[in-house]
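A short write-up of the structure that comes next.
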Amino acid sequence: MSYEQEKQIAIKAVTAAAKLCQAVRREQSVSEGANQNRVKYFTKPDRTPVTIADFGAQAIICQALAEAFPNDAVVGEEDSGLLQEPEMMEGAAQITDYVKRQIKIATPESVKNWIDRGNGTISDRYWTIDPIDGTKGYIRGGQYAIALALVEGSEVKLGVLCCPALPLTFAEPESETGVIFVAVRGEGTTMIPLNGGSPKLIRVNCRTPQTNSNVFDELHLRMVESVESSHGNMSLEAQVGEVVGLNTPSLRIDSMAKYGVIARGEAALYIRLPSPLSSPKRQNIWDHAAGAIAVEEAGGRVTDMYGRPLDFSCGSKLFNNQGTIASNGEIHEAVLAAVAKIIASSY
Ligand SMILES: Nc1ncnc2c1ncn2[C@@H]1O[C@H](COP(=O)(O)O)[C@@H](O)[C@H]1OP(=O)(O)O
Ligand SMILES: [Mg+2]
Ligand SMILES: [Mg+2]
Ligand SMILES: [Mg+2]
């Protein structure tokens, strides 16, 4: 199945959401400390940050899905509950204003309803949205992603991963910024410049980055890691990298853009281990779905830390998986062996 209609609707929706995110970042950044510009944020009950752009982006994507696929369930990160709080009054009004720039008919009520359309439950076919993945990166001017995926059964079939701040390639620092990775099961992964520059469609592959061979070796031999050390288990992750021979300094960037970097061969490994290893905490489906298919369809592999495929059929979290490993494929078995040793020695 080609998922052509789903693909076109999804690309259009994430592009509109990215425009909202870029406008909010441009217009709502406030100076904080020495030369630091940060997007204003609120804190959710789980102590994580959220901005008006997270809500606005979810509203835009849910509206597009409701119009095109009214029967499909949608599982997104945000819900409108926080917008009822008195300190969110001004923010809630701003969300409607920003959404209106993309969808003329938006009202405070419709925006709230679109956001909450993302509170569906998983079913045989559903969409999952992370309206801004890497909100901390978004706030401080780093990388972030808008992630949308279609799941059928336990498998992701379509992934659209928009990285508005990611250069077309790290090999050319002057290259244009903003890309969308598009992956369809069985059809490969392509990269589209967000701002419509040329070339329009670039097929990406984990093992052949668009760089010369010297650069390839350097990029090929590194890990891509989080900026936030509290998000994973960095010392163990570094240990794994060393064992499998990734000796070049890691690339540290926020968000699911890390999956995009693996998909286009600019790093060999993105590993996220629980901290501590035995932690019962599980990962959210929307933090992995779109990125995982981008890597797999580019010739890479994605599993959990025991080598099990990610199972998207059991709820809003990956309850059947622990940790995640995305690689260029070539080194995956060596990574799994290194992780197995670490797990064995930790008990
Ligand atoms: N305290 C935390 N521990 C683990 N993951 C987190 C934490 N806070 C946010 N995240 C999620 O980690 C991912 C990005 O982190 P990183 O850049 O380290 O990969 C995002 O999915 C982010 O959610 P969100 O989508 O809300 O930004
Ligand atoms: Mg969040
Ligand atoms: Mg996320
Ligand atoms: Mg998010």
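Tabulated data for the structure shown
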| item | result |
| --- | --- |
| Relative contact order %, the range 4-200, counting alpha carbon pairs below 8 Å whose residues are six or more apart | 19 |
| Within a Gaussian network of the chain (alpha carbon springs, distance under 10 Å), most fluctuating of Gly315, Gly300, Gly159 | Gly315 |
| Farthest toward positive dipole pole in the chain [+1 Lys/Arg, -1 Asp/Glu at C-beta], among Phe170, Tyr347, Ala289 | Phe170 |
| Neighbour-count order for Leu336, Leu20, fewest beta carbons within 10 angstrom listed first | Leu336, Leu20 |
| Value of relative contact order over the range 203-345, rounded to a whole percent, pairs C-alpha under 8 Å and six or more apart | 27 |
| Computed E for Val30/Ala344 - FRET, C-beta separation, R0 51 angstrom, nearest 0.05 | 0.55 |
| Net dipole in debye of the range 203-345 [+1 Lys, Arg Cβ; -1 Asp, Glu Cβ; about Cα centre; nearest 20] | 240 |
| Straight-distance crosslink candidates among lysines, where the alpha carbon sits under 25 Å from Lys317 and sequence neighbours closer than 8 are dropped | Lys7, Lys44, Lys112, Lys136, Lys157, Lys258, Lys281 |
| Of Gly188, Gly91, Gly245, the one that fluctuates the most in a GNM where the chain has Cα springs shorter than 10 Å | Gly245 |
| Residue order, fewest to most beta carbons within 10 Å, for Lys40, Lys341 | Lys341, Lys40 |
| Cα-centred dipole magnitude for the chain, charges only on beta-carbon of K, R (+1) and D, E (-1), debye, nearest 20 | 180 |
| Most to least packed among 139-145, 329-335, 255-261 [average Cβ atoms within 10 Å] | 255-261, 139-145, 329-335 |
| Leading residue at positive end of dipole, the chain (Cβ point charges), from Gln36, Ile115, Tyr144 | Gln36 |
| Part-to-part distance (alpha-carbon centres) for the range 1-65 and the range 107-169, which is given in Å | 9 |
| Selected from Ser313, Ser175, Ser154 as most flexible by GNM, with the chain as the system and alpha-carbon contacts under 10 Å | Ser175 |
| Sorted peptide list for 227-237, 8-18, 264-274, criterion being average Cβ within 10 angstrom, highest first | 264-274, 8-18, 227-237 |
| Estimated FRET transfer efficiency (Lys317, Thr43; beta-carbon r; R0 22 Å; 0.05) | 0.55 |
| Helical mean residue ellipticity (222 nm; -39500 (n - 2.57) per DSSP H run of 4+; nearest 500) of the chain | -10500 deg cm²/dmol |
| Size descriptor, Kirkwood hydrodynamic radius, that averages inverse alpha-carbon separations across the chain, Å | 20.2 |
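Laboratory data are not the source of any read-out in this text; all were calculated from the coordinates shown. Computed from a prediction, not measured in an experiment: that's the story for all the values here. Positions of Cβ are generated from backbone atoms using ideal geometry, with glycine treated the same way; all protein chains shown enter the neighbour counts.
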